[in-house]
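For reference, the structure discussed in these notes is given below.
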């Protein structure tokens, strides 16, 4: 698979804005590991090899076990995640697949039980941001490097 275009070079001002948004999301007070779990799960759903590689690597560098990293794809069937992480992962799936899910009330209630209103918005913004990155990487065929 060949990269179609280098979106960083093609539209530097747009990418500066995306990078600024990513920086802002990282400073909204959510746990860095939680954010990487969310980024990994959304990237798995979207089929973004570049982002799956990046966020699984980031999680391992942050000290996460291989077991937890591998289990993100099947988090519902494992005991490896906290209730807060489970709520975030469910919300990630609901928002990433929003045209199919409609953001179910049960997922929102789980989110509400674990996150303040501000954290709910911040998490949703983080999910929206990784979905945007996934669409850029997939659309322009950005692949992980060896």
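Assorted remarks:
- Criterion: out of contact with any helix residue (DSSP H, G or I) (no Cβ under 6 Å at 6 or more places or on another chain) and in a helix (DSSP H, G or I) - qualifying residue of 88, 110, 94, 71: 71
- Applying a threshold of 6 Å to beta carbon distances and a minimum spacing of six or more residues, or different chains, the list of pairs starting in the stretch 42-64 at a residue that is outside any helix (DSSP H, G or I) and ending at one that is surrounded by fewer than 17 Cβ atoms within 10 Å (Cβ to Cβ) reads 48/138; 62/33.
- Failed item, numbered, when residue 138 is tested on (1) in contact (Cβ under 8 Å) with a residue 40 or more places away in the chain; (2) closer than 19 Å to residue 20 by Cα; (3) surrounded by 13 or more Cβ atoms within 10 Å (Cβ to Cβ): (2)
- Scanning the stretch 74-83 for residues that are over 16 Å from residue 34 (Cβ atoms) and either touching a strand residue (DSSP E or B) at 6+ places or on another chain (Cβ under 8 Å) or assigned to a helix (DSSP H, G or I) (or both) turns up 74, 76, 77.
- Remark: pairs (first residue in the stretch 72-101, at pLDDT below 95; second residue surrounded by fewer than 17 Cβ atoms within 10 Å (Cβ to Cβ) and part of a helix (DSSP H, G or I); Cβ separation under 9 Å; 6+ apart in sequence or on different chains) are absent.
- Entry remark, the stretch 1-28: residues being surrounded by fewer than 16 Cβ atoms within 10 Å (Cβ to Cβ), more than 22 Å from residue 94 (Cα to Cα) and touching a residue at least 40 places away in the same chain (Cβ under 8 Å) number 6 in total.
- Qualifying positions in the stretch 84-119 - within 14 Å of residue 38 (Cα to Cα) and over 14 Å from the mean Cα position of the chain (by Cα): 84, 111, 119
- Per this entry, residue 35 is counted among residues that are within 12 Å of the chain's Cα centre (by Cα), surrounded by 15 or more Cβ atoms within 10 Å (Cβ to Cβ) and outside any loop (DSSP other than H, G, I, E, B).
The values are calculated or read from the model by the stated rules, or taken from the named source; none is laboratory data. All values reported here derive from a predicted model rather than from experimental measurement. FYI the Cβ positions are ideal-geometry reconstructions off the backbone, even for glycines, and counts take in every protein chain you see.
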